[in-house]
Structures are given as C-alpha cells and as structure tokens.
Amino acid sequence: MQLDESIIRNVVAQVLSEVGPMPNGTATPLSKNVAPGAGRNGVFTDVNEAVAAAKHAHEELRRRSMDERKQVIEIIRRISIDQCEELGLMEMRETGIGRPEHKIEKLKTLGTLAPGTEMLETKAFSGDHGLALIERAPFGVIAAITPVTHSLPTITGNAVSMIAGGNSVVVNPHPSGKKVAAEGVSRFNAAIEAEIGIDNLICVIAEPTLETADTLFAHRDIALICVTGGPAVGRAALRSGKRAIVAGPGNPPVVVDETADLDNAARCIIQGAAYDNNLLCISEKEVFVVDSVFDDMMAAMRRAGALQLDATQIQTLTSQAIAKVGDDQHDAAAKDFIGKDASVLARAAGAHPHEGCELVFGETDEHHPFVTVEQMMPFVPFVRARNVDHAIALAKHYEHGFRHTAIIHSRNVSNMTKMGRELDTTLYIKNGPCTAGLGLGGEGYLSFSIAGPTGEGVTSPNTFTRERRCTMVDELRVI
Ligand code: NAD
C-alpha cells in the first residue's frame, strides 16, 4: 500500500485529536505543522473533521493580509471561468436538469461578477471625542446548504462572498449535486493550497444527508448558517438556535398591463423563464395579463418563438408534470419534469415542438397547479385579469407571501409603484427579464443566494460579517 504524506499527516492529526494534549503542554515534534484535515482539499465524509479543518483554515486566513484574501478569491474566479465548461457539463450530467449552456454560463458569470472584498464597508464617526471605526469582521466557520438547481454555482458564489468576509465554510450540498460539489471544491482548495498555502477554506460533505445537515447546524464551532433552498431547509435552519441567513423559495409572478411593450415583454419572459429550463428561483413562473391586451400578448409570445399549447394539451401535460404528494395529497412539480427541456414538455403534451423551442405556454385559470406551484419547468401559464388592479391582486396572492421576486411590464409609473408596494418583494423588476434583478442586464451586483425571509436580500460579503467598533477617545481627529 502506498502512503503519501497527506495520509500520514491525517492519521497523525486524528491520533493527536483523540489522545488530547500532551502533559505539561509539551507537544510532540510531529504535532507541529499538522493541520486538521491537511491534504484533503476540502472533501470530508465526517462533519466534525470538516468543521475542524475549516476552523483551522479560518484561523490561518485571519493571520493573512487582505491582499492574500483577494488572491484566494481570484483563484476561485479563475477556476470557475477557465473550467466552466468541464464543471458545468459535469453538473448537467449529474443532476440531469437544466440546460448545459446555462450550467456553463452560470459558473462563468459567478466567477466574473460575484462581488469580493471591494464590497466590504468601513464606516467612521469623527467628532469632539475622537474617532470610532466600524469595520466588518468575519463570523468564523459558516455552514452552508446548497440546492440541486445550482450546486457548484451556489457554492462558488457563497465561497467568494464568505471568504471575502474572512470566513471559511462547510457545505452540505444537495445529494443529487454532491459529486460536482466535491470536484469543484477540491479544485478550488488544491489551487489555494498550492498558491497561498491554506487548505480547506471551503469544505464539502461528500455524502450529505439530513443527518449531516443537522450535525453541522448543531456544531459548536459553526458561527452562522446560510441555506439556499425550499421551505423545509429554511425552517430547519431557523429552528437551529443559531443565526441563519435563509435564501428561500419563490413563485415569481409577472403582470402585463395595457401600456406594456408586448413584444419586449414576450422576449423578456422567454429569456427569464427559459433560462436553465426555469430552475432559477427568480424565474418568471406565471403571468397575469389584463384582458384588453391578453390575445395580443399571446400573439407576441408566439412571434417571439414560444410554443402555445391548447387547453387539451395543457391538461395532458398537467396530468404528468404535476404530482400529488404528502398526506394531504397537495400539488407539486413532478421530479421527472423539473428542469426538462421545453421540447420534452411539448411532446408530453402531445404537441410538436419546433427546432430551438425554448418555452411552452398557454392560457389557464388562476387556480391551475402551474400557477399555484413553483413548477421549475419551462411551461408558463398565462391568466386573464380584468384590469391591472386585479392582475396585481392575483400576483400578490400567488406569490404566496414569499416576498421573493415580482416582475411588471408596463409604461405606467403609477401601476409600477402600486405593484411594488403591494407585493413587497426582495427583487422587483420592471420591463426586463428576471435576471436583470441580479445585475445581468440591469444594475446591481450578483449572488445566487437571495435571502428574502431573513431580510439580507441579495447576499454579499457584508452579509457574512459582524460589525465591530473600535473607539479612540479624544485623539486622532486631526482636522
Ligand atoms: P430543496 O429544498 O429540495 O433542497 C435544498 C437543500 O436543502 C438541499 O441541499 C437539501 O438536501 C436540503 N434540505 C432539504 N430539507 C432539509 C432539511 N429539513 N434539513 C436540512 N437540509 C435540508 O430545494 P432544491 O430543489 O434543491 O432547490 C430548489 C429550491 O430552492 C426552490 O424552492 C428555489 O426557489 C429555492 N432557491 C432559492 C434561492 C434563493 O436565492 N432564494 C436560490 C436557489 C434556489
């Protein structure tokens, strides 16, 4: 059997952690320089080992300069951009949902645009009694949970923000995206260790379960939790007794009023709802159109390249793509259809998709499961509303109070204002695709963890820091 240095280091570290400190504080020569989890490049099966390694990495990062922190982030960016194709396709193969070109693009985009240390804000108060500085300090080791819809992209965005804030992170990924999570994390850490000399800044649990998530949440060295996913994981994080940042589910409604540029609205709805086959939490999920322009809007959708299903075809699709689940037999998106191509949905409906068809759509009533359920597939239901007030009321109702994302297409500023006030969502986009709300074709910065329920909004390095105040009494005000 071949033993390399990293295996020997791990065995020694394990033995030392089990026997505890030597008498009188004397350390064996071997214990010097042996970091917990050294050589593992962030991939662990045991939660306690992962947290110990991430804690050591965080302590090491604290000793380093801001410049080195920036270099770590540059390494993550470089790998996300240079290896986006290989890693994106790996994610596509493993999860089997979404679109390969968007899996690749998401990694590249996060590598390019996720904000780094430049976002950290320092405030100063200067007056007769001297100077107070408020700076952003790290929490320590953060526990993160990531969704199957964007496994490595969420880890990438979280890692950049969290490390920019001076933290390390242990990720419990979705089991269906665990392999690409481990591969990406391993590549990040190997390069960071080679260039900066710190391993395990980003750790991942290679065999994630609900139990490993619970162990991670409860670990005494976890200072903060950040979860990105549906309602169950948000509830679990908030029950943990720790501070939790919850990037929860959405069901983004779109309102189209009689003043809208219908062709632009159609192009935007297709761009947003078809992106990665509607897996984005911010993607357009249902559209409420005022009656006076409803038929024109449907024509605009067809002109823009979407395939319209008739009532029978919608019924046929619904019977397969919406399942009854749970004791109460409530509607939910059927796993076999989540994130599948528009052509798959069209064929299941009995329609004939044209080459390049990205989105299917059709008219339903407001109670239809495609309206009520966060379907995460490229079929978008269109519902007639009597007028804009009715459309806004429906949008508010079917957003389910998540306060996540809402979109309007209108040239009437009063209507825009009314909807913004009524829906009270974290992201509110006017006259663009949903992605404009994340700075892609709109202003602002990017993150794939949008914390609505706990109020942090589009997460950034500041989200993952504590405020610390440092006061100098009566001196250093030099003006
Ligand atoms: P999911 O809720 O099924 O899983 C998300 C993660 O939570 C997974 O890692 C899963 O293993 C874990 N999990 C689930 N229940 C848990 C529990 N009780 N305890 C601990 N961990 C638990 O969601 P998904 O299908 O992976 O992703 C899609 C969902 O995520 C959608 O609802 C979408 O809106 C949401 N989402 C939100 C954002 C955002 O920024 N707000 C971003 C992406 C996805």
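The values are calculated or read from the model by the stated rules, or taken from the named source; none is laboratory data. Since we're looking at a predicted model, the values are computed, not measured. Note that we place each Cβ from the backbone using ideal geometry, even for glycine, and neighbour counts take in every protein chain shown.
When residues of segment 344-363 are filtered for being in a loop (DSSP other than H, G, I, E, B), surrounded by fewer than 24 Cβ atoms within 10 Å (Cβ to Cβ) and in contact with a helix residue (DSSP H, G or I) (Cβ under 6 Å, 6 or more places away or on another chain), how many remain?
Counting residues in segment 344-363 that are in a loop (DSSP other than H, G, I, E, B), surrounded by fewer than 24 Cβ atoms within 10 Å (Cβ to Cβ) and in contact with a helix residue (DSSP H, G or I) (Cβ under 6 Å, 6 or more places away or on another chain) gives 5.
Pull up segment 137-147, narrow it to residues that are more than 10 Å from the chain's Cα centre (by Cα) and within 20 Å of Val47 (Cβ to Cβ), then point me to the one that is surrounded by the most Cβ atoms within 10 Å (Cβ to Cβ).
Within segment 137-147, the match that is surrounded by the most Cβ atoms within 10 Å (Cβ to Cβ) is Ala143.
Answer yes or no: is there a residue in segment 14-34 that is modelled with pLDDT of 95 or more and not in a loop (DSSP other than H, G, I, E, B).
Checked against the condition, which is being modelled with pLDDT of 95 or more and not in a loop (DSSP other than H, G, I, E, B), segment 14-34 yields no hits at all.
Search segment 141-176 for residues being over 30 Å from Ala124 (Cα atoms) and of a type in the set (Ser, Thr, Tyr), and hand back the single one that is farthest from the ligand (Cβ to nearest atom).
Thr156
Given the criterion β-branched (Val, Ile, Thr), more than 22 Å from Ala274 (Cα to Cα), modelled with pLDDT of 95 or more and outside any helix (DSSP H, G or I), identify the matching residue among Thr454, Thr463.
The conditions single out Thr454.
Take the residues of segment 221-257 that are more than 20 Å from the chain's Cα centre (by Cα) and closer than 26 Å to Val380 by Cβ: which is farthest from the ligand (Cβ to nearest atom)?
Selected residue: Asp257.
Consider segment 43-82. How many of its residues are within 24 Å of Glu207 (Cβ to Cβ) and in a loop (DSSP other than H, G, I, E, B)?
Number of matching residues: 2.
Got a number for residues in segment 83-105 being within 18 Å of the chain's Cα centre (by Cα), part of a helix (DSSP H, G or I) and among the basic types (Lys, Arg)?
Of the residues in segment 83-105, 1 are within 18 Å of the chain's Cα centre (by Cα), part of a helix (DSSP H, G or I) and among the basic types (Lys, Arg).
Of the residues that sit in segment 267-293 and are in a loop (DSSP other than H, G, I, E, B) and among the charged types (D, E, K, R), which one is nearest to the ligand (Cβ to nearest atom)?
Here the answer is Lys285.
Restrict the check to segment 396-418 and report whether at least one residue is buried (at least 23 other Cβ atoms within 10 Å of the Cβ), of a type in the set (A, V, I, L, M, F, W, C) and either at pLDDT below 95 or not in a strand (DSSP E or B) (or both).
no
For Thr122, indicate whether it is β-branched (Val, Ile, Thr), touching a strand residue (DSSP E or B) at 6+ places or on another chain (Cβ under 9 Å) and within 21 Å of Asp214 (Cα to Cα).
Taking the combined requirement at face value, the residue does not satisfy it.
Of Lys179, Lys242, which residue is touching an Asp or Glu at 6+ places or on another chain (Cβ under 6 Å), touching a residue at least 24 places away in the same chain (Cβ under 8 Å) and outside any strand (DSSP E or B)?
Within the list Lys179, Lys242, the selection yields Lys179.
Please give the number of the condition Lys108 fails out of (1) within 28 Å of Arg63 (Cα to Cα); (2) touching a helix residue (DSSP H, G or I) at 6+ places or on another chain (Cβ under 7 Å); (3) away from the ligand (no atom under 15 Å from the Cβ); (4) assigned to a helix (DSSP H, G or I).
Result: Lys108 fails condition (1) only.
Output the residue which, of all residues in segment 305-343 that are basic (Lys, Arg) and in a loop (DSSP other than H, G, I, E, B), is surrounded by the fewest Cβ atoms within 10 Å (Cβ to Cβ).
Only one residue tops the list, namely Lys335.
For every residue, the table says whether it meets (1) in contact with a strand residue (DSSP E or B) (Cβ under 9 Å, 6 or more places away or on another chain); (2) under 25 Å from Gly234 (Cβ atoms); (3) away from the ligand (no atom under 15 Å from the Cβ); (4) not acidic (Asp, Glu).
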| site | (1), (2), (3), (4) |
| --- | --- |
| Cys84 | no, no, yes, yes |
| Met92 | no, no, yes, yes |
| Pro115 | no, yes, yes, yes |
| Phe139 | yes, yes, yes, yes |
| Lys178 | yes, yes, no, yes |
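Could you tell me which numbered condition Glu443 fails, if it satisfies all but one of (1) buried (at least 18 other Cβ atoms within 10 Å of the Cβ); (2) away from the ligand (no atom under 13 Å from the Cβ)?
The failed condition is (1).
Filter segment 197-212 for residues that are within 12 Å of the ligand (Cβ to nearest atom) and either within 19 Å of the chain's Cα centre (by Cα) or without any contact (Cβ under 8 Å) to a residue 60 or more places away in the chain (or both) and give the result.
Val204, Ile205, Pro208, Thr209, Leu210, Glu211
Within segment 213-220, is there a residue that is basic (Lys, Arg), more than 14 Å from the ligand (Cβ to nearest atom) and surrounded by fewer than 16 Cβ atoms within 10 Å (Cβ to Cβ)?
Yes, the conditions are met somewhere in segment 213-220.
Taking the stated definitions as given, is Asn264 of a type in the set (S, T, N, Q), in a helix (DSSP H, G or I) and crowded, with 22+ Cβ neighbours inside 10 Å?
Against the criterion (of a type in the set (S, T, N, Q), in a helix (DSSP H, G or I) and crowded, with 22+ Cβ neighbours inside 10 Å), Asn264 does not qualify.
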